[in-house]
Amino acid sequence: MSQIDSAITTANPIYKPPPAWRTTLGMLWRDKFAFAAACILLVVIFCAIFGPMLFEDVATRQNLRGRNAPPFDLSRGWLFILGGDQLGRPLLARIIVASQNTMAVAAGAVACSLLIGTGLGLIAGYTTKTASQVIMRLADVIMSFPSLLLAVIVLYVLEPSVGNLVIVLAITRIPIYLRTSRAEVLEVRERMFVQAAQVMGASTKRIVARHILPVVAPTLITIATLDFAFVMLAESSLSFLGIGIQPPEITWGLMVSQGRPYLTSAWWLSFWPGLAIILTTLSLNLLSGWMRTALDPSQRWRLEVNKEKAKND
Amino acid sequence: MRAFLGKRALASLISLLGLIILVFFLSRLTGDPTSLYLPLDASLEARENFREINGLNDPLLVQFGRYMADLAVLDFGDSIRRSEPALDVVLRAFVWTLQLAAITMTLVTVAAIVIGSLAAFHVGGLFDRIATFFSLIGASAPDFWIAIVAIVTISLNVAFIPTSGTGTVWHWILPVGVLFIRPFGLILQVVRSSMITTLGAAYVKTARAKGVKNKSVIFVHALRNALLPVITVIGDQAAALLNGAVVVETIFGFPGVGKLMIDSILQRDFTVVLAAIFVTAIAIFVMNLIIDILYAVLDPRIRY
Amino acid sequence: MTHKFTTLAAALLASTCATAAFAQDSNVTVVLAEELDLVDPCMTSRSNIGRVLQQNVSETVTELVPGTGIQPRLATAWEDRGDGTWRFTLREGVTFHDGSTFDAEDVAHSIARIKTDAIVCEIGAKFFGGMELTTEVVDATTIDITTDPAQPILPLLMSTVTVVPSETTMDAFLDTPIGTGPYTFDEYNVGQNITLSAYDGYWGETPAVTSATYVFRSDSAVRAAMVETGEADIAPSIALQDAVSEDMDFSYPNSETVYLRIDNGTAPLDDVRVRKAMNHAIDREAFVGTILADGTLLATGMTPPSTIGYNAELEPYSYDPDMARQLLEEAAADGVDTEAEITLVGRLNNFGNVLETMEAVTQMLQDVGLNVNLEMYEVAEWEGLYSKPFAEDRGPMMVQAMHDNASGDPVFSMFFKYASDGLQSGVTDPKLDQMIADATAATDDEREQLWSDAFAYIHEEIVADVLLFHMVGFTRVNERLDFAPSIKTNSELQLSQIKFAE
């Protein structure tokens, strides 16, 4: 680290800038919260990829007589550090295994709704009135279509699989991105620099990509990171109603909803998976906050220069 | 303006019609309700009789035609479950939902805008860190956790706050409190994010460079511009509440439209589902219209 | 809207000095798990409706009392006049809540109403399906009821029939039921509460409870908390994990039986060894005191021990995975495809911990080598799989179900669950059909013996299904009440039986 610091602070004429990834890491290290967030996300991603391979068997082994084992008791082995669930299975192993399905559903749904919603929103904000009107009224329809009914229909007619869940959850979340991006476009397109670009003959595509998207992105990303939690919890309530993922498949949402009746007697059943959801969301949000600072030329100074200057500003 | 409203009303009417048609046919995909309303041991004749009484025997298109004809005179049909007009069932619940949504969203909006913009003013400061941390937890914690923990900690110890139900003003405290948390966290984050962008924007810098020392002037100007995405998200959260706050209604025994909708869907009470969607859709359409008008108010450059 | 806001404002003012509406001294508040869709007396066989109305607002002709059998209620005596005709002598001096006098015409009208085609009355559909009912009013206090085919247990059947005044409409459900019971139905604030209050003109003893309020909360933890804070007095059916107070929580057998219905008609489930193996594969004991409450009984028959003909000599299948594997090997050696995928269908929210129970059962079946795949469904879909007509291409399937029989006689269970034509029967066995028919027509000791034989035949010889548990329910009762729940609490909660503790 000190290397980088000195490299930046010494104004050496033959100084070569360090590779980009090192600068990035350096900036990440500087923001301790973002650094912790990145670590947590790495762990989650690792679990999502390798978890089921490593712990599938342990996570499904039942032991009725050892159910609801309390947490922080190592006598049953380190896998029981978070306690046992209602069928005596180690919660830690289950959370690790469940991360795969959870991430698949959440990332899938959020990414789909973000891309489709933003795309439609940009079109609605930047095209003819008729097209815009059609898209916006369509958003109204989706917004008023109860997501649960949609879930019941799709999952009644089809299987409650990860893919179908992604479809259901993605559709219901489209309007928020659509409306947000469109509202921003309406405002941004009237700004001076966009008008200027237009006068200079830039193509619509170019204006949207180079001038409008960067302004719209931070808000959309903020919503998207929080939607991660929303989608995981929505999936949880679908499981609770019997139309989401069903055992023996597991997700954090399913664990949360299965632990619900025990909230007053064995809190750890739904607490740990709930905490996993919170930590993931928190990390995503902190990291995205850091990223926007790091990527925004006008904000970047907060992470680069020494702290004294930042404080004095 | 009048032309805009007229066009908008017409377009919304078409959407509403489309929505009703969509829901009518899609909801029938979820199966025949007969077995849900009769005892398991009911004979095949009894089942046939039930279908006959409730008009489930006719071809789907005939049922649809009949429904639309009734709808034209605003007759939504009777609820199978309650054997009373579906619209009555829905309106009774919707009144509660509307109050709950209005109270909660007002509180959320005020709190989130004030705290969110204060947090944005000193990014990375202690206040910002604390506000961010707690709002993120609030936005991502399972709501039933908060609800049950609130009941077993607060109402078991504070005599005048009841666990659940309706009746006095105290009954509103826990439901509103629990409902407040998630939209508050989400909207606060959006306010903060949007304010950071705006405060970093060229014109604010210019204002600062020009020597506008008064922080509050900068603050107010920035806020006005930052609010655009914020009201969109407020709209989204309000729409979610208008569709019903299922968990809160279920746990607190609050007679709103969310639980009604879920029960009606699970019980295949199609007339109530349709009437509920009709009512909430109108509310959501109106709200979206208000939001669109607000855009233009906040930023006069926006035209429709 | 405006009205509601005014109410809210008024409530705001009023409540600044008042605290939450806590129960008055002789008022009892009951917190139920689900709201009532209908409040018509002809629907009281639905347990959520019966719990409010039956014997409180609407009384039945006879009454089934746990432990003692059929007792007089609105009828004081009955006799079998042969050829399917029974004569009931009715109580004198009984009046309805609207002031009219109760007589035989009312009984005749009530029976006609449960069998009408204009509305679907649950009592008629559930207890009087497939029989002709004719009534003849002899005089004001005497009525002859004839059934075709003859029903030797007609007095028991009449314990399900709630009586309404003879002016009651046949064409629509009632929203304000009128009965002869000790309480009048005052008000139903949909979504909020139902209130009853004592009826001055009641023919029987004046009850200690003068009024009752019913409220609805679907979350068990909340119901339990409400009794704890004093907001409610009785919370029937709270979950096992919420029943943690020795002083307030009562457990009682709730007449529910959980079992796995096996479709005996498809391979490999058509082989008795496979079915036996399934029975030996499940460690029933392991559930009791863990996922299910202490006091849960291992089932050997479809109906609980309180029913006549319950065969106490039958032993539950032992937990013997080795035996199960051996049976499967034998079957496989005879060419039975024991590897075939078997679908196990469960019903969500059927009882507390149903999901855990089904996950554990699935694991146990898989452990002996059966290829079982668990699918949980919400009630609508589940019902389609449980009841006939079965789908043609269903494949080998087992369905988990919970059956309630608090009536004291197996007749309400056996035909539907085991006869070849029974709607939920997975068995086609002419010998069993005959046994059920014989027992249904028999009386007294012979009836008891025949039912007992049928239970043994099903359990030991054809091994028709996997019988699991007779369940236990929990009710939380405020200590200010002197009230002990019984097997009937599931379907009926008589306010007049509640006393206040000294």
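The values are calculated or read from the model by the stated rules, or taken from the named source; none is laboratory data. All of these numbers come straight from a predicted model, not from anything done at the bench. FYI the Cβ positions are ideal-geometry reconstructions off the backbone, even for glycines, and counts take in every protein chain you see. All accessible areas refer to the heavy atoms of the entire protein, side chains included, with ligands and DNA or RNA removed. Shrake-Rupley method; radii C 1.70, N 1.55, O 1.52, S 1.80 Å.
Side notes on the structure shown:
- Summing Lys and Arg as +1 and Asp and Glu as -1 over all other residues whose Cβ lies under 13 Å from the Cβ of A:Ala139 gives a net charge of +1.
- C-alpha center-to-center spacing [region C:250-316, region C:50-116] in angstrom: 35 Å
- Formal net charge of residues neighbouring A:Thr204 (Cβ-Cβ distance under 13 Å; K, R +1; D, E -1): +4
- Membrane-span-like helices in chain A, defined here as complete DSSP H runs extending at least 18 Å along the helix axis by their C-alpha atoms with mean Kyte-Doolittle hydropathy no lower than 1.0, are A:32-60, A:91-126, A:162-188, A:213-241, A:268-295; this is a sequence and geometry rule, not a statement about a membrane.
- Annotation: amide H-H contacts under 5 Å for C:Gly346 (H modelled 1.01 Å from N, sequence separation of 5 or more, or interchain): C:Glu375, C:Met376, C:Tyr377, C:Gln400.
- Residue separation of C:Thr428 and C:Glu167 scaled by 0.36 nm, minus their Cα-Cα distance, works out to 89.4 nm of gained length.
- Buried surface for the B/C pair, taken as the accessible area of each chain alone minus that of the pair with a 1.4 Å probe, is close to 4000 Å² in total.
- With all protein chains modelled, accessible area of C:Phe390 [1.4 Å, Å²]: 50 Å²
- Derived from the Cα gyration tensor, the three semi-axes of the equivalent ellipsoid of the protein assembly as shown are 58, 35, 27 Å, largest first.
- For a straight C-alpha distance cut-off of 15 angstrom, the aspartates and glutamates reachable from A:Lys129 (same-chain residues fewer than eight places away being disregarded) are B:Asp292.
- Mean residue ellipticity (222 nm) of chain A, computed from DSSP H runs ≥ 4 via -39,500 (n - 2.57), nearest 500: -23500 deg cm²/dmol
- In terms of accessible area, using a 1.4 Å probe and ignoring ligands and nucleic acids, B:Lys210, C:Lys417 rank largest first as B:Lys210, C:Lys417.
- C-alpha center-to-center spacing [region B:138-163, region A:178-227] in angstrom: 42 Å
- Dimensions (Å) - region C:46-165, Cα atoms, principal axes, largest first: 36, 35, 30
- The alpha carbons of region C:254-473 stretch over 46, 37, 35 Å along the principal axes, in descending order.
- Taking the protein heavy atoms of region C:58-160 in the context of the full set of protein chains, the accessible area attributed to carbon and sulfur is 45 percent at 1.4 Å.
- Estimated distance in nm for a label pair at C:Ala140 and C:Ala118, the labels positioned 7 Å out from Cα along Cα-to-Cβ: 2.8 nm
- Among the DSSP helices (H) of chain B, those spanning at least 27 angstrom by Cα along their long axis with an average Kyte-Doolittle hydropathy of 1.0 or more are B:2-28, B:86-121, B:173-200, B:215-242, B:270-298; this is a geometric and hydropathy rule only.
- Over region B:136-211, accessible surface divided per residue gives 33 Å², non-protein components excluded, 1.4 Å probe.
- Across chain C, the mean sequence separation of Cα contacts (distance under 8 Å, 6 or more residues apart), normalised by length, yields a relative contact order of 20 percent.
- Heavy-atom accessible surface of C:Trp203, to the nearest 10 Å², is about 80 Å², with a 1.4 Å probe and all protein chains retained.
- The GNM of chain B, with springs linking C-alpha atoms under 10 angstrom apart, assigns the highest mean-square fluctuation among B:Ala209, B:Ala119, B:Ala226 to B:Ala209.
- Highest average first, the peptides B:97-110, A:22-35 ordered by how many other beta carbon atoms sit within 10 Å of their residues are B:97-110, A:22-35.
- Working note: 222 nm ellipticity from helices only, DSSP H runs with n ≥ 4, each -39,500 (n - 2.57), summed and divided by the residues of chain B, gives -24500 deg cm²/dmol to the nearest 500.
- Residue pairs, from the table B:Lys259/C:Lys417; C:Lys115/C:Lys488; A:Lys32/B:Lys210; A:Lys32/A:Lys205; C:Lys417/C:Lys488; C:Lys276/C:Lys388, whose Cα atoms sit over 29 Å apart: B:Lys259/C:Lys417; A:Lys32/B:Lys210; A:Lys32/A:Lys205
- Shielding value for A:166-179 is 2, the average number of Cβ atoms from other chains within 10 Å of each residue's Cβ.
- Pairwise Cα distances in region C:219-376 exceed 20 Å in 59 percent of cases.
- Summing Lys and Arg as +1 and Asp and Glu as -1 over all other residues whose Cβ lies under 11 Å from the Cβ of C:Ala401 gives a net charge of -1.
- The mean number of Cβ atoms from other chains found within 10 Å of a Cβ in peptide A:261-274 is 5, as a whole number.
- Taking region B:86-272 and dividing mean pair separation by its residue count, relative contact order in percent (alpha carbons under 8 Å, at least six apart): 33 percent
- Panel values: chain B, Kirkwood radius from alpha carbon pairs, Stokes-Einstein at 37 °C and 0.692 mPa s, translational diffusion coefficient 147 µm²/s.
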